[in-house]
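As structure tokens, the structure follows; a few thoughts come after it.
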Amino acid sequence: MKCTLSSRLLRTVLLASLISLAAPLARADQWTVPTKEELSMTSQPEVPGAAAVYLFREEKTEDDLHMFSIYIRLKVLTEKGKEYANVELPYSKGEGGISVNDIAGRTIHPDGTAIPFSGKPYDKLIEKTKEMRHMAKVFTLPDVEVGSIIEYRYTRRMDDHWFMAPSWYIQSDLYTRKAHYMWKPTDKQLVSSDDRGQLTSSIAWFPVLPATAEFKKTQLPGVGGNNGRYTFEVNAHDVPPAPEEEYMPPITSLSFRVLFYYSPYRTADEAWKSEGKHWSKLRDKFIGPGPGIRAAVQDLTTPTDTQDQKLRKIYAAVMKLENTDFTREHSDAEEKAQGLHEVRNTDDIWEHKRGNGDQLATLFVAMARAAGMKAYLSTVVSRDHNIFLAGYLNMSQFDDDIAIVNVDGKEQYFDPGSRYCPYQHLAWKHTMAGSLRQTDSGTALIQTPREPYTASHVQRVANLTMDQQGIVTGAIKMTYIGAPAMSWRQRSLTGDQTSLERELRVSLEHLLPQGMDVKLSSIEKLEDYEQPLSVNFYVKGPIGSSTGKRLLITGDIFETNSKPTFPHEKREVAVYFHYPQVAQDAVRINFPSTFKVESLPTGDKQQFQNSAAYTLKTESTPTSVTFRRDYTLGEIIFLPNEYFDLRTFYNKVETKDQESVVLTVAPTTTASTSPAGK
């Protein structure tokens, strides 16, 4: 497969063992004549209010031409739909890269007038790595208005000696009236471009298709004793848009699609065993450990250290290194200028004092092994955008590397490649995720462990004093533990101190009543990933609304602007929260003695199964009210048949959160005296 496992290419690319010239490119520049119904249509009944719909989508893959041909017809239905006139076509430059060519397009107005695209697309740099430059051809179709039909075609071409199995994503963000996909594979014997040079001509596929799609595999008659060539096709119609709901699993794992791949294997067990063995061998060769790592571990640790003490020192040393996932990769020229050679093993990573997340994970494994511990690498699917599919026999599913170390007889998981991830924890996207790990006897497919709900925690504390006009001043302290702390810490690496402070301030402003002035006072433990991250604010502003002699204020001011978690009555897909968590609020509002509490929300408890719980406690004194709110989420996945009860739980919680404290002006007491002489 044309990918080193460290680069994680998203597809399998194969090198032809026989070199041949591609046939001359032949394509017809014929456009589809729009029907009267297409010209006049103003909506699609199945998707009321849709911005646009695909009238037709086509993708043809012809291996003999090393080419993909894509054709799009799209109807613009609203002002928002005009955004589809702006087109970006990704491609890549480098060995095994793909170019975009033969771009043509036109716009058709509702009266049938056609305006051809006559401009020149420009090249946009998206990302640059040592191996590849990821680019996009960008252009805008002319004079698009509501009711227009957008039509364009282009080709994606590989180098002459490369082959790539297509991936057909049948479902998109728009309703599709009709679609056609076709692949004519090569009949040549192929050899993978990795170090194994595996021979294969076998094709496998992983389909997830709607009832309105037909998958066909046809074979032409053989010639000269050879087997006839295959053609694969999908014809689909009336494909609904991909679901878009609150708290969804990664949409790429849910959408209709057909994923093809070349495979020399007969069974899934054979495939994962062989691929795992090869991956593990390559990783072990890189890991070592070499003399540089052994010397470094000897300097970091002492013979009297326990295994846990040694590993903590090693973890801290790796975490101090530059993680280029959050900075940038350095070019070969830069490293050469600094007297550094190409990275070949973990000794080089330690010498360079930097590496990407995967390299730092392998470095940690190498150092743990050098310290005398059993340590294993595990490659994991990042579930912030994907879910592992055991039936899709392709290593490209895996995204990141983590470490497993046997500490005092117990295996523990570590994530040194995720900057600021605490010791003995995993980044949330690497928990409960499909993974391929090293074992003493080879490799195995596993699911990584979950984090307990106590591992991620947010505390919001406000101590405010209100004046006679309902203006409060005071301090707010936000404390983040686990995943929320890691998120803020990593965001600090993508900007400067000013931008971080602005993001923190704006995040609080969005929670508080409108008109509150928020000033950030301090940030504590920003780089100490083993400690809670605390942010202190000073706030001033109105906290409630006045109705005559009454002042209404939301008791838990952090919930003032909260919106319904689940506004829709029905649900088609599972609910998918990122991670279990605890959120705790403590709010005290002190007010002048001229006010008195007329009504105060009562305490409350709500629970959904054993998966989520909510507690509200309130109390008052003659000059203050205090709210304490606890919310715990213990599970992260809820099936559609649980949605009604789950939504009911959240509706009750959110209704309770919006109950107000009612304050009234206390009557003024005056002393009466009798007139003198009476």
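Where a number appears in this text, it was derived from the coordinates with a stated rule and is not lab data. Keep in mind that this is a model prediction, so the values were computed, not measured. Here Cβ is always computed from backbone atoms with ideal geometry, including for glycine, and neighbour counts include all displayed protein chains.
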3J(HN,Hα) from dihedral phi, region 263-272, Karplus parametrisation 6.51/-1.76/1.60, rounded to Hz, x for glycine, proline: 8, x, 9, 9, 9, 5, 4, 5, 5, 5
Calculated from backbone phi, Karplus (6.51, -1.76, 1.60) coupling profile of region 81-90 in Hz, x at Gly/Pro: x, 5, 5, 6, 6, 8, 10, 10, 10, x
Long-range amide H partners of residue 382 with built H, under 5 Å: 399, 400
Computed E for residue 454/residue 664 - FRET, C-beta separation, R0 35 angstrom, nearest 0.05: 0.25
Amide H contacts under 5 Å for residue 206, placed H, 5+ residues apart: 259, 260
Non-local Lys pairs in region 269-450, i.e. 8 or more apart or on different chains, that have alpha carbons under 14 Å apart: 5
Full-stretch length increase - residue 491, residue 83 - with 0.36 nm per residue and alpha-carbon distance subtracted: 143.9 nm
Sorted by Cβ neighbour density within 10 Å, fewest at the top, the residues 205, 183: 205, 183
Net charge contributed by nearby residues that have their C-beta within less than 15 Å of residue 642 (K/R +1, D/E -1): -3
Under-5 Å amide H pairs with residue 170, H placed in peptide plane, nonlocal only: 257, 258
Gap separating the Cα centres of region 507-565 and region 347-409, nearest whole Å: 40 Å
Reachable lysines from residue 656, criterion Cα separation under 16 angstrom, eight or more residues apart if same chain: 563, 605, 617
Environment charge at residue 182 (Cβ cut-off 9 Å; Lys +1, Arg +1, Asp -1, Glu -1): -2
Volume per residue that the Cα convex hull of region 454-665 spans, once the total is divided by residue count, Å³: 128 Å³
Net charge, residue 212 excluded, C-beta distance under 14 Å - Lys, Arg +1, Asp, Glu -1: 0
Pairwise label distance in nanometres, residue 655 with residue 561, each label 7 Å out on the Cα-Cβ vector: 2.6 nm
Residues residue 598 and residue 644, FRET efficiency given R0 of 51 Å [Cβ-Cβ distance, rounded to 0.05]: 0.90
DSSP-assigned coil residues among GluC sites (Glu not before Pro) in region 77-116, each with at most 12 further Cβ atoms within 10 Å: 79, 95
Label-zone membership for region 164-182, site residue 70, 7 angstrom Cα→C-beta point, backbone N under 12 Å: 167-169
Neighbour cut-off at most 13 other Cβ (10 Å), DSSP loop, trypsin sites (Lys or Arg not before Pro), region 249-287: 266
Answer label for percent of Cα pairs over 37 Å apart (calculated), chosen among (1) 67; (2) 46; (3) 53: (3)
Efficiency of FRET between residue 578 and residue 115 - r from beta-carbon atoms, R0 60 angstrom, step 0.05: 0.85
Helix-only mean residue ellipticity at 222 nm for the chain, each DSSP H run of n ≥ 4 adding -39500 (n - 2.57), per residue, nearest 500: -5000 deg cm²/dmol
Distance (nanometres) between label positions extended 7 Å along Cα→Cβ at residue 615 and residue 524: 2.4 nm
Potential lengthening between residue 546 and residue 216 on full extension [0.36 nm per residue; Cα-Cα distance subtracted]: 111.9 nm
Region 454-665, dipole about Cα centre (Lys/Arg Cβ +1, Asp/Glu Cβ -1), debye to the nearest 20: 460 debye
Positive-end residue, the chain charge dipole about Cα centroid, Cβ charges, pick of 534, 150, 98: 534
3J(HN,Hα) from dihedral phi, region 146-163, Karplus parametrisation 6.51/-1.76/1.60, rounded to Hz, x for glycine, proline: 4, x, 6, 9, 9, 9, 8, 9, 6, 10, 10, 10, 9, 4, 4, 10, 10, 10
Inter-centroid distance (Cα atoms) of region 34-77 relative to region 110-174, Å: 14 Å
